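Each value in this text was obtained by applying a stated rule to the coordinates, not by laboratory testing. From a predicted model like this one, the values you see are computed outputs, not experimental measurements. All Cβ positions, glycine included, derive from the backbone under ideal geometry; neighbour counts span all protein chains shown.
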Amino acid sequence: MSDIHALSGAYAVDALDGDERAQFEQHLGECETCRAEVASLQEAAALLAETTATTPPAGLRDQVLTSIATVRPLPPEPGEAPVVSLESRRRRRATAWLAAAAAVVVIGGGGLVWQQTHDEPPSRVEQLQAAGDVQRFSLPVGDGGSATVYRSEHLNEAAIVTKGMPAPPDGKEYVLWLQHGSTMTQAGVMPEGSDNKVLFSGDAATADGAAVSIEDAGTEPIQPSDDVVALFSFDT
Amino acid sequence: MEPVRPTGVDVPAEGGARSGAPDLVELLKACGRGDQTAFARLYDATSSRVFGMAVRVVRDPAQAEEVAQEAFLEIWRTSGRFDPAKGSPLGWLLTIVHRKAVDRVRSAEASTRRDATYHQQNQAVEHDSTAEAAAASLEARRVRGALASLTPVQREALELAYFGGYTHTEVATMLDLPVGTAKTRIRDGLIRLRDTMGVGA
């Protein structure tokens, strides 16, 4: 057994220093045997906590429950769908209605102040549009239409607002994606209609970008088809 | 959502057989959907193990509370990513807690910590009646039994790493083992523990 495999036990009990830990984690990405062994050894290590169970101070429960109330759980792990050069796909598939959109137009941040015209509370999209740190990215679509993505890191939300978006081909639908590094995660499906406001599901705060693709209706793709019709980069 | 109250009904037999506890897989799933009541139940079912381990590793009860709170927040945040196909809920969440505790101990490595607080830690455990109850529990006894089947050097290396938060290199020095040997002892010890307890197969 090579040295690196022998670190599985020490890794399972967090007994590696920072460099070794990083090295071994890289190795774990490539070694199914070590992944399985580490998982089983972590189970074993966790048993040790049975021998030290201690009632926590009563106040801890309230502190913990209060703190979680302000944090949204992350969406499920994205499928390991590497983004094979979305940019190039998009260039390749110059879909008719996006033909003119060579680049993402960053219109810039700045909160819209939402005006309360009814007694209804603002929708989440409206709150997002009004967020102090909102970013806004717009692309022309179709014949005079537009698709605008709003994102607030603070609210950890993103939404797409479409106007005059052409209908997808028969049997197809528009699917939303969030990009984290080289991974695309499905973030929802656009409802029918040309004018929509749709929140992305998923971790918008840390996303690097968003995309819309055309997919077979009713399927749950784990990565976008080649038919990416809009790509928004959150780099500003 | 309503303020969360103690549920009162699901406090498990502390340290009791794992199968007797509420279904942690279901609770974690519900947490992933944002169900704070489910999280309160998860807390009630696991907080003694979480806090007990944290206090054993970081020694200082106030810091252990902080570690436990950070860990629970992380557990809540990542609950939707728990995959029952990859391991048990307790294994998963205690791995998170342990990592936090060890990171804390290393970053807060005041040169005096380990000596100065050693006494404190022993007292904290001694005076806790639940810890005694846990010590008497069947599961804890089984684990102790399994630990007893390790060789002394395996057990020592494993305990220094897991509860002491020391790196395998430090453990080697502390036990006068050649560098690179402690990691083997730790791994062998864990394998023995795993196989004796029949987990993670």
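Phi angles across region A:42-57 convert, under the Karplus curve 6.51 cos²θ - 1.76 cosθ + 1.60 with θ = phi - 60°, into 3J(HN,Hα) values of 5, 4, 5, 4, 4, 4, 4, 5, 5, 8, 10, 3, 9, 5, x, x Hz, Gly and Pro given as x. Residues in region B:33-44 carry Karplus couplings, in order, of 8, x, 7, 6, 5, 4, 5, 4, 5, 4, 4, 4 Hz; the curve used is 6.51 cos²θ - 1.76 cosθ + 1.60 with θ = phi - 60°, and Gly or Pro positions show x. Remark: region A:10-82 is approximated by an ellipsoid whose semi-axes, taken from the C-alpha gyration tensor as √(5λ), come to 29, 21, 12 Å, largest first.
For a quick check: sort B:Glu159, A:Glu30 by the number of other beta carbons within 10 angstrom, fewest at the front.
Working: B:Glu159 20, A:Glu30 8.
Ranked by crowding around the Cβ, least crowded first: A:Glu30, B:Glu159.
Rg/Rh, computed from the Cα trace of region B:141-201 with Rh as the Kirkwood radius, has the value 0.99.
Estimate the FRET efficiency between B:Arg99 and A:Ser123 by the formula 1/(1 + (r/R0)^6), using the beta-carbon distance for r and 22 Å for R0, to the nearest 0.05.
Values: r = 39 Å, r/R0 = 1.77.
Calculated value: 0.05.
Between A:Gln23 and A:His154, the FRET efficiency estimated from the beta carbon spacing at R0 = 25 angstrom works out to 0.10. Scattering from the C-alpha atoms of region A:146-236 alone, worked out with Debye: what is log10 I(q)/I(0) at q = 0.15, 0.17 1/Å? Evaluating at q = 0.15, 0.17 Å⁻¹ gives log10 I(q)/I(0) of -0.50, -0.65.
Kirkwood's formula applied to the C-alpha pairs of region A:1-51 gives a hydrodynamic radius of 11.1 angstrom. Distance between the C-alpha centres of region A:178-231 and region B:142-189: 48 Å, rounded to the whole angstrom. Cross-link partners for B:Lys100 among the lysines, with Cα-Cα distance under 28 Å and sequence neighbours closer than 8 places in the same chain left out: B:Lys29, B:Lys86, B:Lys183.
Per residue, the convex hull spanned by the alpha carbons of region A:130-196 comes to 108 Å³.
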